[in-house]
Each structure stands twice: as C-alpha cells, then as structure tokens.
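The values are calculated or read from the model by the stated rules, or taken from the named source; none is laboratory data. Predicted, not measured: the structure shown is a model, and the values here were computed from it. Virtual Cβ from ideal backbone geometry, glycine too; neighbours counted across all protein chains shown.
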Amino acid sequence: MSDSPPEFERLRRHGTEQEQRLLGSADEDRPSAAARNAALAHVVREHRARRRRAVSFGLAAVALAAAAALPLLLRREPQPMRLTAEPRASTQASARALSPSPSGASPFVPCTPLAVATGESPLIDDFEDGDAHVPAVEQRIGQWLIFNDGTGTEFPRPGTVDPTRIPGGRGPSHFALHSAGGKFTKWGASLSLEFNPRHCYDASAYGGLEFWARGRGEIRLIVKMTQVIAEEFGGSCSHDCYDGHAKRIKLSRDFQHFVVPWSELRQTGFGTPLAFDARSLDAIDFSVLPEETPFDFWIDDVSFIPR
C-alpha cells in the first residue's frame with residue numbers, strides 16, 4: 001500500500017490489534033483507493049478519539065483525587081515553628097573554681113550564657129544621646145526601665161525611660177534620668193538597667209560603680225546577681241528572690257558624686273545569703289522603699305570604677 005498516507009503506515013506498525021486487523025481487511029478486500037482511504041480515515045478518527053478519551057479520563061481522575069484530598073489538607077494541624085536553642089556561651093567562667101564565701105553564704109556558682117566586660121569602657125551611660133538604650137560596648141545591650149508596685153503614681157510611667165534635660169545643666173552634662181512619685185505601700189519603685197538581658201554579666205574587670213545623683217530623702221543602689229533573679233526571668237532563684245546587694249544613698253538638692261566599691265554592698269537579709277561576686281551580674285537598680293516615698297531623684301553619668 002505504497003499509496004497510503006504516512007499515518008496509515010504508522011498505524012499498521014504501531015496500532016492496536018483491532019486497528020491492524022481493520023487495515024489488513026482493507027488490504028485483502030482490495031477496494032477502490034477512495035473507499036480504502038475512507039475506511040482508513042475512519043480508523044484514524046477512532047484512534048484519535050480513543051486517545052482524547054484516555055487523556056480526559058486521566059485528568060478527571062486527578063481532579064477527583066485532589067478534591068478528595070483537599071478536606072484532609074484543610075484539617076491538618078499547623079506544625080509548630082521549631083526554634084533553635086540559644087547558644088550557651090563558651091567561657092572560662094564555667095571552669096572557674098567556686099569562690100570562697102563568708103560563713104552561712106551560698107558559694108558562687110558560675111552561670112551561662114555569659115557576657116564579659118573587658119575593663120576598657122567603664123562608662124555605662126552619660127544619657128547625652130537622649131534615649132533609653134545604653135551605649136553598645138563590652139556586650140552591654142540593655143535599656144533603662146521604670147517599674148513599681150502599682151500602689152502609687154510615678155513619673156515617667158512604668159516602661160522604658162528616656163533622659164530628661166537637666167534644668168540649668170550640670171557643667172558639660174545636659175541630660176540625666178529623672179524619676180518622681182507619690183506614696184507607695186508594698187515594695188516601692190525602681191529605675192533599673194539589665195546589662196545583657198537573659199545573660200549573666202561578668203563585671204569582675206571593675207571594682208564597683210560610681211554616679212552622680214541629687215534629690216530628696218534616700219535611694220538604694222542595688223546590684224543584682226543572677227542568683228537572686230527568679231528562674232522565670234532567666235535567673236536561678238526559686239524562692240525569696242530579689243534580695244540583691246545594696247547600699248543606701250543619702251541625697252541632697254545639689255548633684256553629688258557617689259563611689260560604691262563592690263565591698264560596700266550588702267543584702268537586706270530576706271533572701272538566701274549570697275556572697276557578692278561581680279562575675280554573675282544581672283542588673284542595677286536605683287530604688288526607693290515605701291518608707292522613702294514620696295520621692296524625686298535624678299541620676300547621671302553612671303559608670304564602673306576601674307580597678
């Protein structure tokens with residue numbers, strides 16, 4: 001059948017058994033060329049229709065499967081985001097021997113993760129930048145906060161606190177932290193700084209703290225080790241927490257310069273006795289007790305004391 005179209009020849013070689021039988025019958029019957037071609041064209045049309053039906057059936061099956069799976073997908077619970085654990089600092093502090101402590105005091109236990117002061121940048125904050133954040137040096141990344149026991153009113157309100165312009169200035173200093181409030185009846189109010197939140201801060205390169213202050217009455221400088229911070233806030237204290245090492249500061253109407261070595265800090269006594277160790281600091285507070293309210297004080301140029 002050399003006069004057959006090429007498509008007929010492909011069917012003759014690769015068509016189904018039925019298609020090849022029809023083509024064979026057409027050859028044996030020896031009809032006219034027109035009749036033979038018409039019969040062969042019918043076979044081709046049937047072949048194409050069969051392929052279209054097969055494709056349509058496949059698409060329909062895929063659509064049905066997708067429709068059946070959709071409710072299952074919609075009912076799936078979202079998977080929780082997996083967070084990587086905070087890296088634990090690898091420092092020499094974890095390998096240090098326990099420091100000797102006074103009789104009755106708990107020994108120092110090294111803590112991690114740790115941020116370490118090098119001793120090269122003692123200034124914590126002079127407040128001249130006008131914002132609540134401390135300068136980002138020696139891994140200090142905290143900010144100044146005000147909080148109180150909720151029984152009185154305080155200005156500024158609890159939260160982050162920006163520096164206030166000093167009326168008339170103080171020499172080259174133009175800004176300081178200012179806090180004032182009424183009567184409080186529980187534990188009082190505080191102006192606080194965490195050196196590096198959720199980390200212990202090793203300030204053993206320094207010998208204490210110094211600052212300028214003015215106001216009325218007394219405030220307390222409190223230096224909190226991580227061992228007095230409650231576990232839920234990143235410390236290791238489980239009961240009678242927040243008995244930090246402190247010193248009372250008597251204020252006057254004019255700014256005074258105060259220098260407080262670590263050796264002058266003492267706990268109040270309501271918590272577990274703990275020997276002070278500057279390798280495990282969490283925060284510093286300038287606080288007032290209920291008996292020291294109402295209050296009004298200014299703090300400026302807070303710095304570590306170089307050894």
request  = Output the strands (runs of 3 or more DSSP E) that fall wholly within the stretch 176-270 and possess 2 or more residues being in contact with a Phe, Trp or Tyr (Cβ under 9 Å, 6 or more places away or on another chain), over 16 Å from Phe297 (Cβ atoms) and touching a residue at least 12 places away in the same chain (Cβ under 8 Å), or say none.
outcome  = 206-215, 218-225
Gly188, sole failed condition from (1) buried (at least 20 other Cβ atoms within 10 Å of the Cβ); (2) touching a Pro at 6+ places or on another chain (Cβ under 9 Å); (3) on the phi < 0 side of the Ramachandran plot = (3)
message = Test of understanding: among Gly269, Gly207, which residue is surrounded by fewer than 21 Cβ atoms within 10 Å (Cβ to Cβ) and in contact with a helix residue (DSSP H, G or I) (Cβ under 8 Å, 6 or more places away or on another chain)?
response = Gly207
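Listed here are the residues, each with its yes/no results for (1) of a type in the set (Val, Ile, Thr); (2) in contact with an Asp or Glu (Cβ under 9 Å, 6 or more places away or on another chain); (3) modelled with pLDDT of 95 or more.
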residue	(1), (2), (3)
Trp144	no, yes, yes
Asp149	no, no, yes
Leu177	no, yes, yes
Gly181	no, yes, yes
Ser192	no, yes, yes
Glu210	no, yes, yes
Gln227	no, yes, no
request  = List the number of the failed condition for Cys200; all other conditions in (1) farther than 18 Å from Glu154 by Cβ; (2) surrounded by fewer than 16 Cβ atoms within 10 Å (Cβ to Cβ) hold.
outcome  = (2)
key: Count of residues meeting criterion [touching a helix residue (DSSP H, G or I) at 6+ places or on another chain (Cβ under 6 Å) and of a type in the set (Val, Ile, Thr)] in the stretch 113-137   = 0
